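What follows is a set of notes on a single structure, which appears directly below.
The values are calculated or read from the model by the stated rules, or taken from the named source; none is laboratory data. Remember, it's a predicted structure, so these values are computed and weren't measured experimentally. Using ideal geometry, Cβ is built from the backbone for each residue, glycine included, and neighbour counts are taken over all protein chains shown. Ligands, DNA and RNA are stripped out before the accessible areas are found, and what is left, the full protein with its side chains, is counted by its heavy atoms. Shrake-Rupley method; radii C 1.70, N 1.55, O 1.52, S 1.80 Å.
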Amino acid sequence: RRQRALLWGVLLATWEAAWGHLRYSVPEEMPKGSFVGDVAKDLGLQLPALIDRGVHIVERGRTQYFSLHGKTGHLVTAERIDREQLCRLVEKCVLRCELIVEGEMQVYGIEVEIMDINDNSPSFREVETELRMSETTAPGSRFPLPRAHDPDTGLNSLQSYELSSDEHFSLAVQEGPGGDQRPELMLAKALDREEAAFHELVLRAIDGGDPARTGTARIRVTVLDANDNTPVFSQAEYTVRVAEDVPVGSVLVTVTATDADEGLNGLVKYSMKKATDMASDIFHLDTETGAIKLLRIPDFEEGSSYELEVQAHDSGALFDTAKVSITVTDVNDNAPELTVSSKLKEIPEDAQPGTVVALLHVHDRDSGANGDVRCSLDGGVPFRLEKSFEDYYRVVTARELDREQVSEYNVTVRAADGGSPPLQSSAVLSLRVLDVNDNAPVFAQERYSARLAENNAAGALVLTVRATDADWGQNARVRYRLSEGRVRGAPLSSYVDSGEIRTAGPLDFEEKSKYIFGLQARDGGGLNAQCKVQIDITDENDNAPEI
(Lines give C-alpha, C1' and ligand atoms only; values in the text may rest on other atoms or scores of the structure.)
Protein backbone atom coordinates (compact mmCIF):
# COMPACT_ATOMS: atom_id res chain seq x y z
CA ARG A 1 0.00 0.00 0.00
CA ARG A 2 2.85 2.41 0.85
CA GLN A 3 4.55 1.79 -2.50
CA ARG A 4 1.31 2.44 -4.33
CA ALA A 5 0.77 5.68 -2.33
CA LEU A 6 4.34 6.73 -3.14
CA LEU A 7 3.81 6.04 -6.85
CA TRP A 8 0.57 7.99 -6.69
CA GLY A 9 2.42 10.92 -5.05
CA VAL A 10 5.00 10.93 -7.84
CA LEU A 11 2.29 10.88 -10.52
CA LEU A 12 0.29 13.64 -8.81
CA ALA A 13 3.29 15.94 -8.19
CA THR A 14 3.03 18.79 -10.69
CA TRP A 15 4.52 22.20 -10.80
CA GLU A 16 3.70 25.60 -12.15
CA ALA A 17 6.46 28.22 -12.30
CA ALA A 18 4.59 31.45 -12.93
CA TRP A 19 5.20 34.75 -11.23
CA GLY A 20 7.78 33.14 -8.95
CA HIS A 21 5.51 30.33 -7.63
CA LEU A 22 5.91 26.58 -7.68
CA ARG A 23 2.87 24.39 -7.11
CA TYR A 24 2.91 20.69 -6.28
CA SER A 25 0.55 18.12 -4.86
CA VAL A 26 1.34 15.10 -2.74
CA PRO A 27 -0.78 12.53 -0.92
CA GLU A 28 -0.92 12.64 2.84
CA GLU A 29 0.79 10.06 5.08
CA MET A 30 3.82 9.76 2.77
CA PRO A 31 6.99 8.61 4.57
CA LYS A 32 9.62 11.12 5.53
CA GLY A 33 11.84 11.89 2.55
CA SER A 34 9.15 11.25 -0.08
CA PHE A 35 9.46 13.09 -3.38
CA VAL A 36 7.30 16.22 -3.78
CA GLY A 37 8.82 18.06 -6.76
CA ASP A 38 12.00 18.60 -8.74
CA VAL A 39 12.72 22.17 -7.62
CA ALA A 40 16.13 22.34 -9.30
CA LYS A 41 14.74 21.36 -12.66
CA ASP A 42 11.67 23.56 -12.39
CA LEU A 43 13.78 26.61 -11.56
CA GLY A 44 16.52 25.79 -14.06
CA LEU A 45 19.19 25.47 -11.38
CA GLN A 46 22.18 23.23 -11.94
CA LEU A 47 22.78 20.74 -9.15
CA PRO A 48 26.36 21.88 -8.38
CA ALA A 49 25.07 25.42 -8.03
CA LEU A 50 22.52 24.61 -5.35
CA ILE A 51 24.99 24.59 -2.49
CA ASP A 52 27.04 27.48 -3.92
CA ARG A 53 23.97 29.68 -4.18
CA GLY A 54 22.80 28.91 -0.65
CA VAL A 55 19.41 27.44 -1.61
CA HIS A 56 17.20 26.48 1.37
CA ILE A 57 13.55 26.11 2.35
CA VAL A 58 11.84 28.44 4.87
CA GLU A 59 8.52 27.59 6.57
CA ARG A 60 6.71 29.92 8.95
CA GLY A 61 4.97 27.30 11.06
CA ARG A 62 6.27 25.48 14.11
CA THR A 63 6.83 22.24 12.17
CA GLN A 64 9.12 21.86 9.16
CA TYR A 65 7.17 19.69 6.73
CA PHE A 66 9.48 19.99 3.70
CA SER A 67 13.19 20.06 3.00
CA LEU A 68 15.45 20.34 -0.04
CA HIS A 69 17.57 17.37 -0.96
CA GLY A 70 21.04 18.79 -1.51
CA LYS A 71 22.22 16.17 -4.00
CA THR A 72 19.14 15.84 -6.21
CA GLY A 73 17.52 19.26 -5.86
CA HIS A 74 14.22 17.53 -5.03
CA LEU A 75 11.67 18.95 -2.59
CA VAL A 76 10.95 16.09 -0.18
CA THR A 77 8.80 15.62 2.91
CA ALA A 78 10.54 16.27 6.23
CA GLU A 79 7.71 14.78 8.30
CA ARG A 80 4.79 12.46 7.80
CA ILE A 81 1.84 14.71 6.98
CA ASP A 82 -1.64 13.96 8.32
CA ARG A 83 -4.16 15.98 6.31
CA GLU A 84 -6.95 15.49 8.85
CA GLN A 85 -4.76 16.87 11.61
CA LEU A 86 -3.66 19.91 9.63
CA CYS A 87 -6.85 20.81 7.79
CA ARG A 88 -9.78 19.37 9.69
CA LEU A 89 -12.16 22.16 8.67
CA VAL A 90 -10.69 23.02 5.27
CA GLU A 91 -11.79 21.35 2.04
CA LYS A 92 -8.57 22.14 0.17
CA CYS A 93 -5.44 21.64 2.27
CA VAL A 94 -2.48 23.69 1.05
CA LEU A 95 0.88 24.13 2.82
CA ARG A 96 3.08 27.06 1.86
CA CYS A 97 6.81 27.63 2.15
CA GLU A 98 9.50 29.73 0.48
CA LEU A 99 12.59 28.69 -1.46
CA ILE A 100 15.37 31.24 -0.92
CA VAL A 101 18.31 31.42 -3.33
CA GLU A 102 20.74 33.52 -1.34
CA GLY A 103 23.33 33.83 -4.13
CA GLU A 104 20.73 35.42 -6.46
CA MET A 105 18.72 37.19 -3.76
CA GLN A 106 15.62 35.38 -5.11
CA VAL A 107 12.58 34.08 -3.25
CA TYR A 108 10.16 31.56 -4.78
CA GLY A 109 6.83 30.70 -3.20
CA ILE A 110 5.96 27.01 -3.05
CA GLU A 111 2.43 25.72 -2.53
CA VAL A 112 1.92 22.03 -1.84
CA GLU A 113 -1.61 20.69 -1.86
CA ILE A 114 -2.00 17.74 0.49
CA MET A 115 -4.24 15.21 -1.21
CA ASP A 116 -6.55 13.12 0.90
CA ILE A 117 -6.15 9.35 0.99
CA ASN A 118 -8.55 6.93 2.50
CA ASP A 119 -6.69 6.48 5.76
CA ASN A 120 -9.64 6.85 8.15
CA SER A 121 -12.55 4.52 8.66
CA PRO A 122 -16.01 5.81 9.50
CA SER A 123 -16.60 5.61 13.25
CA PHE A 124 -19.52 5.94 15.60
CA ARG A 125 -19.27 7.92 18.81
CA GLU A 126 -21.53 5.37 20.47
CA VAL A 127 -20.67 1.85 19.36
CA GLU A 128 -23.64 0.41 21.24
CA THR A 129 -27.09 1.94 21.28
CA GLU A 130 -30.25 0.67 22.93
CA LEU A 131 -33.69 1.48 21.57
CA ARG A 132 -36.78 0.69 23.57
CA MET A 133 -39.92 0.11 21.50
CA SER A 134 -43.40 -0.80 22.52
CA GLU A 135 -44.93 -3.80 20.82
CA THR A 136 -47.77 -1.52 19.81
CA THR A 137 -45.45 0.73 17.81
CA ALA A 138 -47.03 1.20 14.40
CA PRO A 139 -45.15 -0.05 11.35
CA GLY A 140 -43.55 2.82 9.51
CA SER A 141 -42.41 4.49 12.74
CA ARG A 142 -38.92 5.88 12.56
CA PHE A 143 -36.24 6.21 15.20
CA PRO A 144 -33.01 8.19 14.86
CA LEU A 145 -29.84 6.10 14.79
CA PRO A 146 -26.32 7.21 15.73
CA ARG A 147 -24.42 8.94 12.95
CA ALA A 148 -20.92 8.02 11.88
CA HIS A 149 -18.06 10.42 11.25
CA ASP A 150 -15.24 10.11 8.73
CA PRO A 151 -12.52 12.82 8.77
CA ASP A 152 -11.55 12.07 5.15
CA THR A 153 -12.92 14.21 2.32
CA GLY A 154 -14.55 13.67 -1.03
CA LEU A 155 -15.17 10.07 -2.04
CA ASN A 156 -13.01 8.92 0.84
CA SER A 157 -15.54 10.28 3.32
CA LEU A 158 -18.73 8.62 4.52
CA GLN A 159 -20.96 7.64 1.58
CA SER A 160 -23.66 5.24 2.77
CA TYR A 161 -25.15 3.14 5.58
CA GLU A 162 -26.23 -0.53 5.67
CA LEU A 163 -28.32 -2.39 8.23
CA SER A 164 -28.06 -6.05 9.01
CA SER A 165 -30.98 -8.17 7.85
CA ASP A 166 -34.07 -8.31 10.07
CA GLU A 167 -37.63 -8.71 8.83
CA HIS A 168 -38.96 -6.26 11.38
CA PHE A 169 -36.68 -3.35 10.52
CA SER A 170 -35.38 -1.46 7.54
CA LEU A 171 -32.98 1.43 7.13
CA ALA A 172 -34.07 4.88 5.96
CA VAL A 173 -31.53 7.60 5.33
CA GLN A 174 -32.61 11.24 5.38
CA GLU A 175 -30.58 14.10 3.99
CA GLY A 176 -29.95 16.93 6.44
CA PRO A 177 -29.90 20.67 5.62
CA GLY A 178 -26.13 20.53 5.02
CA GLY A 179 -26.29 17.44 2.82
CA ASP A 180 -25.30 15.09 5.66
CA GLN A 181 -26.88 11.65 5.87
CA ARG A 182 -29.04 10.89 8.89
CA PRO A 183 -29.82 7.19 9.36
CA GLU A 184 -33.16 6.21 10.83
CA LEU A 185 -34.47 2.84 11.92
CA MET A 186 -37.89 2.21 10.38
CA LEU A 187 -40.21 -0.41 11.78
CA ALA A 188 -41.24 -2.55 8.80
CA LYS A 189 -43.28 -5.19 10.64
CA ALA A 190 -45.23 -5.06 13.88
CA LEU A 191 -43.32 -6.29 16.95
CA ASP A 192 -44.41 -9.12 19.18
CA ARG A 193 -42.72 -9.25 22.54
CA GLU A 194 -43.85 -12.80 23.14
CA GLU A 195 -42.13 -13.81 19.93
CA ALA A 196 -38.91 -11.85 20.48
CA ALA A 197 -38.13 -9.56 23.40
CA PHE A 198 -34.86 -8.28 21.84
CA HIS A 199 -33.53 -7.60 18.37
CA GLU A 200 -29.78 -7.30 17.75
CA LEU A 201 -28.89 -5.20 14.71
CA VAL A 202 -25.63 -3.98 13.20
CA LEU A 203 -25.45 -0.58 11.53
CA ARG A 204 -22.57 -0.32 9.10
CA ALA A 205 -21.14 2.97 7.75
CA ILE A 206 -19.23 2.76 4.46
CA ASP A 207 -16.93 5.30 2.82
CA GLY A 208 -16.14 5.63 -0.91
CA GLY A 209 -12.48 4.60 -0.83
CA ASP A 210 -10.96 1.80 -2.83
CA PRO A 211 -10.99 -0.48 -1.02
CA ALA A 212 -13.81 0.91 1.08
CA ARG A 213 -13.47 1.28 4.83
CA THR A 214 -16.32 0.59 7.22
CA GLY A 215 -17.33 1.22 10.80
CA THR A 216 -20.06 -0.51 12.77
CA ALA A 217 -22.36 0.15 15.70
CA ARG A 218 -24.50 -2.39 17.51
CA ILE A 219 -28.20 -1.54 17.85
CA ARG A 220 -30.12 -3.37 20.54
CA VAL A 221 -33.89 -3.02 20.30
CA THR A 222 -35.80 -3.87 23.45
CA VAL A 223 -39.47 -4.65 22.89
CA LEU A 224 -41.70 -3.38 25.67
CA ASP A 225 -45.01 -4.60 26.74
CA ALA A 226 -48.07 -2.76 25.44
CA ASN A 227 -47.88 0.91 26.25
CA ASP A 228 -50.25 2.55 23.90
CA ASN A 229 -50.60 5.99 25.46
CA THR A 230 -47.94 8.68 25.26
CA PRO A 231 -47.41 11.26 27.98
CA VAL A 232 -49.01 14.61 27.16
CA PHE A 233 -47.85 17.93 28.57
CA SER A 234 -50.50 20.26 29.96
CA GLN A 235 -49.03 23.00 27.75
CA ALA A 236 -47.02 22.89 24.57
CA GLU A 237 -45.04 25.91 25.76
CA TYR A 238 -44.40 27.28 29.23
CA THR A 239 -43.52 30.97 29.59
CA VAL A 240 -41.81 32.25 32.73
CA ARG A 241 -40.57 35.68 33.75
CA VAL A 242 -38.06 35.76 36.58
CA ALA A 243 -36.17 38.60 38.21
CA GLU A 244 -32.42 38.22 38.26
CA ASP A 245 -32.30 38.48 42.08
CA VAL A 246 -34.51 35.43 42.73
CA PRO A 247 -32.85 33.26 45.43
CA VAL A 248 -31.05 30.05 44.52
CA GLY A 249 -33.30 27.00 44.89
CA SER A 250 -36.48 28.83 43.92
CA VAL A 251 -38.94 26.88 41.74
CA LEU A 252 -39.60 28.88 38.58
CA VAL A 253 -42.19 26.59 36.99
CA THR A 254 -43.37 23.02 37.22
CA VAL A 255 -44.04 21.25 33.95
CA THR A 256 -46.70 18.58 34.08
CA ALA A 257 -47.42 15.68 31.76
CA THR A 258 -49.99 12.93 32.23
CA ASP A 259 -50.14 9.39 30.81
CA ALA A 260 -53.45 7.53 30.55
CA ASP A 261 -51.71 4.19 31.04
CA GLU A 262 -51.56 2.45 34.38
CA GLY A 263 -48.71 1.14 36.48
CA LEU A 264 -45.19 1.58 35.18
CA ASN A 265 -46.49 2.45 31.74
CA GLY A 266 -48.19 5.49 33.24
CA LEU A 267 -45.22 6.61 35.36
CA VAL A 268 -43.87 9.82 33.82
CA LYS A 269 -40.36 11.15 34.24
CA TYR A 270 -38.86 14.33 32.90
CA SER A 271 -35.57 15.20 31.26
CA MET A 272 -34.00 18.25 29.67
CA LYS A 273 -33.18 17.50 26.04
CA LYS A 274 -32.07 20.81 24.67
CA ALA A 275 -30.26 23.47 26.67
CA THR A 276 -27.09 25.49 26.30
CA ASP A 277 -24.19 24.94 28.67
CA MET A 278 -25.01 28.21 30.42
CA ALA A 279 -28.67 27.24 30.83
CA SER A 280 -27.63 23.86 32.25
CA ASP A 281 -25.52 25.70 34.83
CA ILE A 282 -28.45 27.89 35.88
CA PHE A 283 -31.55 25.66 35.73
CA HIS A 284 -32.21 22.18 37.08
CA LEU A 285 -35.14 19.97 36.11
CA ASP A 286 -36.39 17.56 38.75
CA THR A 287 -36.87 14.27 36.88
CA GLU A 288 -39.64 13.15 39.24
CA THR A 289 -41.74 16.28 39.79
CA GLY A 290 -40.99 18.36 36.68
CA ALA A 291 -40.02 21.35 38.84
CA ILE A 292 -37.44 23.67 37.27
CA LYS A 293 -35.27 25.21 39.98
CA LEU A 294 -32.43 27.71 40.08
CA LEU A 295 -28.94 26.32 40.57
CA ARG A 296 -27.49 29.83 40.70
CA ILE A 297 -28.78 33.37 40.43
CA PRO A 298 -29.40 34.32 36.78
CA ASP A 299 -27.55 37.43 35.67
CA PHE A 300 -29.50 39.60 33.25
CA GLU A 301 -26.22 41.03 31.98
CA GLU A 302 -25.07 37.50 31.01
CA GLY A 303 -28.30 36.42 29.35
CA SER A 304 -31.79 37.84 29.23
CA SER A 305 -33.70 34.85 27.81
CA TYR A 306 -33.36 31.07 27.71
CA GLU A 307 -35.20 28.33 25.85
CA LEU A 308 -35.32 24.83 27.27
CA GLU A 309 -36.71 21.71 25.63
CA VAL A 310 -38.07 19.27 28.18
CA GLN A 311 -39.23 15.76 27.52
CA ALA A 312 -41.73 13.67 29.43
CA HIS A 313 -41.36 9.95 28.87
CA ASP A 314 -43.02 6.97 30.40
CA SER A 315 -41.37 3.68 31.19
CA GLY A 316 -41.55 2.80 27.52
CA ALA A 317 -40.24 4.73 24.56
CA LEU A 318 -43.22 7.06 24.33
CA PHE A 319 -42.60 10.72 25.07
CA ASP A 320 -43.87 14.22 24.58
CA THR A 321 -41.87 17.42 24.24
CA ALA A 322 -42.59 20.93 25.48
CA LYS A 323 -40.72 24.20 25.30
CA VAL A 324 -39.97 26.35 28.31
CA SER A 325 -39.20 30.02 27.60
CA ILE A 326 -37.60 31.82 30.53
CA THR A 327 -37.17 35.59 30.41
CA VAL A 328 -34.88 37.21 32.96
CA THR A 329 -35.93 40.70 33.99
CA ASP A 330 -33.35 43.26 34.97
CA VAL A 331 -32.88 44.27 38.60
CA ASN A 332 -30.86 47.28 39.60
CA ASP A 333 -27.99 45.22 41.00
CA ASN A 334 -25.07 47.04 39.40
CA ALA A 335 -23.88 50.39 40.63
CA PRO A 336 -22.55 52.79 38.00
CA GLU A 337 -18.84 52.43 37.34
CA LEU A 338 -17.16 55.83 37.49
CA THR A 339 -13.65 55.95 36.05
CA VAL A 340 -11.33 58.96 36.07
CA SER A 341 -9.72 58.73 32.63
CA SER A 342 -7.57 61.83 32.99
CA LYS A 343 -7.22 64.65 35.51
CA LEU A 344 -5.14 67.64 36.56
CA LYS A 345 -3.51 67.84 39.97
CA GLU A 346 -2.79 71.58 39.84
CA ILE A 347 -4.38 74.57 38.14
CA PRO A 348 -3.34 78.25 38.15
CA GLU A 349 -5.83 80.56 39.80
CA ASP A 350 -6.06 82.72 36.66
CA ALA A 351 -7.25 79.80 34.49
CA GLN A 352 -10.07 80.84 32.18
CA PRO A 353 -13.62 79.59 32.87
CA GLY A 354 -14.23 76.38 30.92
CA THR A 355 -10.75 74.97 31.56
CA VAL A 356 -10.95 71.15 31.62
CA VAL A 357 -9.60 69.66 34.84
CA ALA A 358 -10.78 66.04 34.51
CA LEU A 359 -12.22 63.54 31.99
CA LEU A 360 -14.60 60.93 33.41
CA HIS A 361 -16.25 57.78 32.03
CA VAL A 362 -19.43 56.25 33.45
CA HIS A 363 -20.92 52.85 32.69
CA ASP A 364 -23.74 50.81 34.18
CA ARG A 365 -24.15 47.14 33.23
CA ASP A 366 -27.90 47.28 33.91
CA SER A 367 -30.39 48.13 31.18
CA GLY A 368 -33.27 50.53 30.75
CA ALA A 369 -33.81 53.01 33.56
CA ASN A 370 -31.53 50.93 35.79
CA GLY A 371 -28.67 51.64 33.40
CA ASP A 372 -29.50 55.32 32.82
CA VAL A 373 -26.73 57.18 34.65
CA ARG A 374 -26.82 60.80 35.78
CA CYS A 375 -23.68 62.58 36.96
CA SER A 376 -23.44 65.51 39.33
CA LEU A 377 -20.96 67.48 41.42
CA ASP A 378 -21.35 68.23 45.10
CA GLY A 379 -22.37 71.88 45.49
CA GLY A 380 -20.28 74.83 46.56
CA VAL A 381 -17.42 74.39 44.11
CA PRO A 382 -16.53 76.58 41.10
CA PHE A 383 -16.77 73.67 38.66
CA ARG A 384 -19.43 72.16 36.43
CA LEU A 385 -19.97 68.96 34.41
CA GLU A 386 -20.19 68.87 30.63
CA LYS A 387 -21.16 65.92 28.41
CA SER A 388 -18.19 65.06 26.22
CA PHE A 389 -18.73 61.95 24.07
CA GLU A 390 -21.25 59.14 24.68
CA ASP A 391 -20.54 58.09 28.28
CA TYR A 392 -17.71 60.58 28.86
CA TYR A 393 -17.99 63.76 30.94
CA ARG A 394 -15.65 66.69 31.47
CA VAL A 395 -15.19 68.62 34.70
CA VAL A 396 -14.49 72.26 33.81
CA THR A 397 -14.05 75.48 35.78
CA ALA A 398 -17.29 77.46 36.08
CA ARG A 399 -15.61 80.77 36.99
CA GLU A 400 -12.24 82.22 37.82
CA LEU A 401 -10.52 80.78 40.87
CA ASP A 402 -9.06 82.71 43.80
CA ARG A 403 -6.28 80.93 45.63
CA GLU A 404 -6.40 83.50 48.41
CA GLN A 405 -9.95 82.34 49.21
CA VAL A 406 -9.58 78.58 48.58
CA SER A 407 -6.18 77.04 47.90
CA GLU A 408 -7.29 73.43 47.39
CA TYR A 409 -10.47 71.67 46.26
CA ASN A 410 -11.69 68.15 46.82
CA VAL A 411 -14.35 67.85 44.12
CA THR A 412 -16.74 64.94 44.62
CA VAL A 413 -18.29 63.56 41.43
CA ARG A 414 -21.33 61.34 41.89
CA ALA A 415 -22.90 58.95 39.36
CA ALA A 416 -26.42 57.65 40.13
CA ASP A 417 -28.54 55.35 38.01
CA GLY A 418 -32.30 55.50 37.48
CA GLY A 419 -33.15 52.44 39.56
CA SER A 420 -35.44 52.42 42.56
CA PRO A 421 -33.73 52.84 44.89
CA PRO A 422 -30.92 54.30 42.78
CA LEU A 423 -27.39 52.97 43.14
CA GLN A 424 -24.52 55.38 43.00
CA SER A 425 -20.76 55.63 43.06
CA SER A 426 -18.44 58.57 43.51
CA ALA A 427 -14.92 59.75 42.90
CA VAL A 428 -12.98 62.58 44.55
CA LEU A 429 -10.78 64.87 42.49
CA SER A 430 -8.09 66.63 44.51
CA LEU A 431 -7.03 69.88 42.84
CA ARG A 432 -4.49 72.37 44.15
CA VAL A 433 -4.79 76.01 43.05
CA LEU A 434 -1.46 77.52 42.04
CA ASP A 435 -0.73 81.10 43.09
CA VAL A 436 -0.61 83.95 40.58
CA ASN A 437 0.80 87.36 41.60
CA ASP A 438 -2.53 89.12 41.59
CA ASN A 439 -2.29 90.90 44.96
CA ALA A 440 -0.09 93.94 45.69
CA PRO A 441 1.39 94.44 49.15
CA VAL A 442 -0.80 96.41 51.59
CA PHE A 443 0.67 98.61 54.38
CA ALA A 444 -0.89 98.34 57.78
CA GLN A 445 -1.11 102.19 57.79
CA GLU A 446 -1.20 104.72 55.01
CA ARG A 447 0.98 107.13 57.05
CA TYR A 448 3.60 106.43 59.71
CA SER A 449 5.08 108.96 62.12
CA ALA A 450 7.76 108.86 64.84
CA ARG A 451 9.75 111.18 67.15
CA LEU A 452 13.47 110.85 67.60
CA ALA A 453 15.84 112.86 69.78
CA GLU A 454 18.75 114.48 68.01
CA ASN A 455 22.31 113.31 68.41
CA ASN A 456 21.20 109.70 68.13
CA ALA A 457 23.62 106.87 67.54
CA ALA A 458 24.05 105.55 64.00
CA GLY A 459 21.76 102.58 63.31
CA ALA A 460 19.22 103.54 65.94
CA LEU A 461 15.76 102.08 65.31
CA VAL A 462 13.37 104.84 64.39
CA LEU A 463 10.24 103.03 63.24
CA THR A 464 9.00 99.64 62.01
CA VAL A 465 6.53 99.51 59.14
CA ARG A 466 4.71 96.40 57.92
CA ALA A 467 3.07 95.46 54.64
CA THR A 468 1.35 92.13 53.92
CA ASP A 469 0.71 90.31 50.62
CA ALA A 470 -2.15 87.80 50.21
CA ASP A 471 -0.23 85.82 47.58
CA TRP A 472 1.92 82.73 48.24
CA GLY A 473 5.61 81.97 48.17
CA GLN A 474 7.84 84.30 46.22
CA ASN A 475 4.82 86.35 45.17
CA ALA A 476 4.13 87.12 48.85
CA ARG A 477 7.71 88.04 49.82
CA VAL A 478 7.74 91.78 50.60
CA ARG A 479 10.80 94.02 50.53
CA TYR A 480 10.98 97.72 51.43
CA ARG A 481 12.91 100.74 50.26
CA LEU A 482 12.96 104.49 50.96
CA SER A 483 11.84 106.59 48.04
CA GLU A 484 14.13 109.48 48.98
CA GLY A 485 17.59 109.45 47.57
CA ARG A 486 19.67 110.49 50.54
CA VAL A 487 19.19 111.55 54.15
CA ARG A 488 22.22 113.40 55.60
CA GLY A 489 24.13 112.30 52.57
CA ALA A 490 23.53 108.53 53.05
CA PRO A 491 21.81 106.59 50.24
CA LEU A 492 18.59 105.02 51.53
CA SER A 493 16.90 103.72 48.37
CA SER A 494 18.11 100.09 48.49
CA TYR A 495 15.61 97.32 49.24
CA VAL A 496 15.59 95.66 52.65
CA ASP A 497 13.67 92.60 53.81
CA SER A 498 12.58 94.04 57.16
CA GLY A 499 10.43 97.09 57.63
CA GLU A 500 12.78 98.66 60.19
CA ILE A 501 13.80 102.29 59.56
CA ARG A 502 17.11 103.12 61.21
CA THR A 503 19.28 106.20 61.20
CA ALA A 504 22.28 106.27 58.95
CA GLY A 505 24.07 108.59 61.46
CA PRO A 506 23.43 111.21 64.18
CA LEU A 507 20.73 113.76 63.38
CA ASP A 508 20.89 117.48 64.29
CA PHE A 509 17.74 119.29 65.26
CA GLU A 510 19.34 122.65 64.50
CA GLU A 511 20.10 121.43 60.96
CA LYS A 512 16.70 119.82 60.19
CA SER A 513 13.87 119.22 62.57
CA LYS A 514 11.53 117.12 60.37
CA TYR A 515 11.90 114.40 57.71
CA ILE A 516 9.03 113.42 55.39
CA PHE A 517 9.67 110.75 52.76
CA GLY A 518 7.94 107.96 50.87
CA LEU A 519 8.35 104.26 51.57
CA GLN A 520 7.73 101.56 48.96
CA ALA A 521 6.89 97.87 49.54
CA ARG A 522 7.44 95.54 46.54
CA ASP A 523 6.54 91.81 46.33
CA GLY A 524 8.44 89.10 44.44
CA GLY A 525 6.25 89.53 41.37
CA GLY A 526 6.87 93.28 40.95
CA LEU A 527 3.68 94.69 42.48
CA ASN A 528 4.23 97.54 44.98
CA ALA A 529 2.50 99.83 47.46
CA GLN A 530 3.41 103.27 48.88
CA CYS A 531 3.13 104.93 52.25
CA LYS A 532 4.33 108.19 53.81
CA VAL A 533 6.69 108.40 56.79
CA GLN A 534 7.20 111.54 58.95
CA ILE A 535 9.97 111.69 61.55
CA ASP A 536 10.11 114.65 63.95
CA ILE A 537 13.50 115.44 65.57
CA THR A 538 13.30 116.68 69.14
CA ASP A 539 15.81 119.20 70.47
CA GLU A 540 18.50 118.37 72.99
CA ASN A 541 20.51 120.96 74.97
CA ASP A 542 23.61 120.39 72.93
CA ASN A 543 24.60 123.99 72.13
CA ALA A 544 26.15 126.52 74.59
CA PRO A 545 25.08 130.15 74.32
CA GLU A 546 27.19 132.21 72.00
CA ILE A 547 28.22 135.74 73.16
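Reducing segment 345-418 and segment 63-141 to their Cα centroids gives an inter-centroid distance of 61 Å. Computed over protein heavy atoms with a 1.4 angstrom probe, the accessible surface ordering of 228, 152, 372, 435, largest first, is 228, 372, 435, 152. Placing +1 on the Cβ of every Lys and Arg and -1 on the Cβ of every Asp and Glu, with nothing else charged, gives the chain a dipole about its Cα centre of roughly 1780 debye.
Taking the protein heavy atoms of the chain in the context of the full set of protein chains, the accessible area attributed to carbon and sulfur is 48 percent at 1.4 Å.
Here residue 393 sits with roughly 40 square angstrom of accessible surface, probe radius 1.4 Å. Rounded to the nearest whole angstrom, the semi-axes of the ellipsoid equivalent to segment 161-234, taken from the Cα gyration tensor as √(5λ), stand at 29, 18, 9, largest first. On a 0 to 90 degree scale, rounded to 10, what angle separates helix 2-12 from the longest Cα axis of the chain? Around 70 degrees separate the two axes. Extension gain, residue 142 to residue 544, is 129.7 nm, computed as 0.36 nm per intervening residue step minus the present C-alpha separation. Computed extension length for residue 200-residue 21: 58.7 nm, one decimal, from 0.36 nm per residue of separation with the Cα-Cα distance subtracted.
In this view, the solvent-accessible surface of residue 182, computed with a 1.4 Å probe and all protein chains in place, comes to about 90 Å².
Averaging sequence separations of C-alpha pairs under 8 Å and six or more residues apart, then dividing by the length of the chain, give the relative contact order as a whole percent. It rounds to 8 percent for the chain. Using θ = phi - 60° in the Karplus curve 6.51 cos²θ - 1.76 cosθ + 1.60, the 3J(HN,Hα) couplings for segment 406-417 round to 9, 9, 8, 10, 10, 8, 9, 9, 10, 10, 10, 8 Hz; x is entered for Gly and Pro.
A simple count of charges around residue 184, restricted to other residues whose Cβ falls under 11 Å of its Cβ and scoring Lys, Arg +1 and Asp, Glu -1, yields +3. Considering only alpha-carbon pairs that sit under 8 angstrom and 6 or more positions apart, the relative contact order computed for segment 337-434 is 34 percent. Checked against a 18 Å cut-off, the cross-linked pairs 41/92; 41/71; 273/323; 189/269 give Cα-Cα distances beyond that limit for 41/92; 189/269. Per residue, the chain exposes 56 Å² of accessible surface when a 1.4 Å probe is rolled over the protein heavy atoms with every protein chain present. The aspartates and glutamates whose alpha-carbon is closer than 18 Å to the alpha-carbon of residue 387, local same-chain residues fewer than 8 away aside, are 337, 364, 372, 378, 417.
Between residue 104 and residue 497, full extension at 0.36 nm per residue minus the direct alpha carbon distance yields a gain of 133.1 nm. Based on DSSP H segments of at least four residues, each scored -39500 (n - 2.57), the chain has a per-residue ellipticity at 222 nm of -1500 deg cm²/dmol. Per-residue SASA remark: residue 400, around 120 Å² accessible (1.4 Å probe; ligands, DNA and RNA not included). Note on residue 532: lysines with a C-alpha under 24 Å away, same-chain residues under 8 apart excluded, are 512, 514. Of the beta bridges DSSP finds with both residues in the chain, what % are antiparallel, to the nearest 5? Antiparallel bridges: around 80 percent, rounded to the nearest 5. For the chain, the cysteines with no partner cysteine C-beta closer than 4.7 Å are 97, 375, 531. Where a ≥ b ≥ c are the square roots of the eigenvalues of the C-alpha gyration tensor, would you call the chain rounded, which needs a/c under 1.5, or, failing that, prolate if a/b is larger than b/c, or oblate? Cα axes put the chain in the oblate bin. Using the Cβ-Cβ distance between residue 289 and residue 85 with R0 set to 51 Å, the FRET efficiency from 1/(1 + (r/R0)^6) comes to roughly 0.60. Taking 7 Å steps out from each Cα toward its Cβ at residue 408 and residue 534 produces label points 4.8 nm apart.
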